[in-house]
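Notes to accompany the following structure.
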Amino acid sequence: MEQRVLGGRYLLKDKVGTGGMATVYRAQDQVLDRTVAVKIMLPQYAGDATFAARFKQEAQAAAGLSSPYIVGVYDWGKDGDTYYIVMEYLRGTDLKSGIKSHGALDPKKVAQIGSQISSALSVAHKHEIIHRDIKPQNIMVLPDGNIKVMDFGIARAKNSHLTQDNNVLGTAHYVSPEQTRGQDLGPTSDIYSLGVVMYECATGRVPFDGDDAISVALKQVNELPIPPSQINSGVDADLERIILKCMEKDPANRFQTADELRQVLNSYLSGRAVNVSEPTRVIGAAGDLGATKTRELSDSTRAMVRPVSGVSGQNTARSAVSGSTGSYEAEKPKSNKNKIIAVVVAAVAVIGIVVAFATGLFGGEQVPVPDVLGKDQQTAVELIKEAGLEVGTIDQSYNDDVDEGKVAEQTPNGHTKKAKGTKVNLVISKGPKPSEKVEVPQLVGLTKDQAEAALASVGLKGNATEEANEADEGQVFEQGTDAGKEVEKGTTISYKVSSGPDTTSVPDLTDMTEAQARNALDMAGFGVDVSYQENDSVTEGTVISWNPSGKQKPGATITVVIAKKSGKASVPGNLYGKSISAAVTALNNAGFYNIAFCDQNGNPVSGNENATVTGVSPTGKQSTDNTITLTVSISGSGTDSGDDSGTTN
């Protein structure tokens, strides 16, 4: 393709897709140096004055939508005979492709998608805009898992007086019963379509299918869906009730606002109780489906479904975003049924183009809308007035991402063009929403499991650490935040769990002196109690034993036994036959100094140097204070000699 620049700014790169009324290109904004998506209206529609007037009105209404879940619109223009709109370029895949690839989604993911779509619809509905074509093909799944709703171009402001094409049908699988009948639509019509989208996400299939568009449309009016849990047992009762309430045939029985639906889905996601009334009716198991028959449209219903002017029923519908061929093609008109099919096919074609021109295309002086997001209120008001615009409503709301006093939302968006004098509505941030306060429960004395359960019961989290303590092992002995204190819900409370009393190993005191043993025990944190025990086999003054040993609590008293001499000695056993002087010397050397002498009859005698020892008493180990008596005799005399003093000292 020869490269073309629109409006002297947007360099067209490559074609993304072609729809029934527009072609989408990836383009480069040469001013802001960013990638954008550019939609170019096909010439045959750009030249239709009626269509252009309708398109202008709807685009102006859609331009005021500002939400993180709605595709952003940057600019619009006319280059020669070519009308174009510049939009946010999205990377990702449409939800329909995701369902085809992965099948049924996790119930929580279904609810998350539903909540984000509800948020987008809430913004549109507050501006009296009905999307009219909520379907997976119009839901873009971004790489981060969030979604954006596309194709608000088919939406029509409820107060629009251009009614020639009022009864446009969305894709048959997702249209509400009242949309099929051609009745006036309100927010509950989009809620029905969203219910169908969530049904498909939860089960992997649409609730109503058929050979052609008209048979599907008839089922939307006349039949009830199989409960999702009968198709996918993983769908829980709460999510099923939410989906089926969205899909009630009577709009009065559905959620009445997108905000109401979003709040219920958020409660489901957070695990809070979901209060949803039971659907008025549900069909039986799949085996009972044979009893449910599709009814033909009544004559009055046929009359309400009018074809869209200027769109041939022979055309194949194509998505203006993805470029994929639509599901339905019209056949040659043969009957009223064929005409109704043509209406559905034409409607799908209309969906493809009317998404993008989200600023005024015609009439009046257009001025750029300043981007005042993040500005303080006074600055924002000044910028709006300087741009030739008027300040509309100024509301306040809590916002976790925008500082208090700063602009959190503006309608219409910045970087768009609006008629001079247009009102710009602002929402000023009140800062983060105050969290719910709860009382911290008493944790001391509980086990870890009991403490975690107590915290969870009031919406708090726990952070446990183990530490030695006198408390029983596994018992909480300290908490970081006092019981009874009010904290924000979701706060993490720290607490300590006892691993049992702390212990220290008693040092090995073997061969230590008393002084060494005392020092070792003192360094280890123990007390010392010393006792002494006579023990001649251990070096005097060294440790004999200690008790207790092993691991003990710090501060415990360790009893140490120190060796001391006993005061006893062994009487020499080799004294027999020795002279008295030799025997006395041996006894003195052994520690005995109290020595007595006696004859064979036990009579005391003196220690005659010529006498020899013939007996010793006592023998063995004796106190050195004891007297050792030596029995002596004089060699050759045969008689004992001595006097009455038989003791030597």
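The values are calculated or read from the model by the stated rules, or taken from the named source; none is laboratory data. Just so it is clear, the structure is predicted and the values come from calculations on it, not from any experiment. Note that each Cβ is placed from the backbone with ideal geometry, even for glycine, and that neighbours are counted across all protein chains shown.
Put simply, of T492, T510 the only residue that is β-branched (V, I, T), in contact with a strand residue (DSSP E or B) (Cβ under 8 Å, 6 or more places away or on another chain) and not assigned by TED's automatic domain parsing to the domain that holds E540 is T492. Filtered by the rule that a residue be out of contact with any Leu (no Cβ under 8 Å at 6 or more places or on another chain), crowded, with 21+ Cβ neighbours inside 10 Å and of a type in the set (S, T, Y), the range 1-45 gives a lone residue, Y10. Of all residues in the range 352-389, exactly one satisfies the criterion of being hydroxyl-bearing (S, T, Y) and either at pLDDT below 90 or part of a loop (DSSP other than H, G, I, E, B) (or both), namely T359.
Conditions tested, residue by residue: (1) in contact with a Cys (Cβ under 6 Å, 6 or more places away or on another chain); (2) modelled with pLDDT under 95; (3) over 23 Å from K39 (Cα atoms).
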site: I154; (1), (2), (3): no, yes, no
site: L162; (1), (2), (3): no, yes, yes
site: D165; (1), (2), (3): no, yes, no
site: G186; (1), (2), (3): no, yes, yes
site: G195; (1), (2), (3): yes, no, yes
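In this structure, S545 does not satisfy being out of contact with any Phe, Trp or Tyr (no Cβ under 9 Å at 6 or more places or on another chain) and touching a residue at least 24 places away in the same chain (Cβ under 8 Å). Taking the conditions (1) at pLDDT 90 or above; (2) in contact with a strand residue (DSSP E or B) (Cβ under 9 Å, 6 or more places away or on another chain); (3) in a loop (DSSP other than H, G, I, E, B) in turn, Q516 satisfies each one other than (3). Residues being more than 30 Å from V632 (Cβ to Cβ), outside the structural domain of N469 (by TED's automatic domain parsing) and part of a helix (DSSP H, G or I) are represented in the range 522-543 by at least one member.
When the range 5-24 is filtered for residues that are in a strand (DSSP E or B), touching a Gly at 6+ places or on another chain (Cβ under 9 Å) and of a type outside the set (K, R), the ones remaining, listed by number, are L6, Y10, V16, G17, T18, A22, T23, V24. Go through the residues of the range 68-79 one by one and say whether even a single one is under 25 Å from the mean Cα position of the chain (by Cα), in contact (Cβ under 8 Å) with a residue 12 or more places away in the chain and in a loop (DSSP other than H, G, I, E, B). There is at least one residue in the range 68-79 that is under 25 Å from the mean Cα position of the chain (by Cα), in contact (Cβ under 8 Å) with a residue 12 or more places away in the chain and in a loop (DSSP other than H, G, I, E, B).
Applying the criterion of at least 2 residues that are surrounded by fewer than 18 Cβ atoms within 10 Å (Cβ to Cβ) to the strands (runs of 3 or more DSSP E) found wholly in the range 557-613 leaves 557-564, 568-570.
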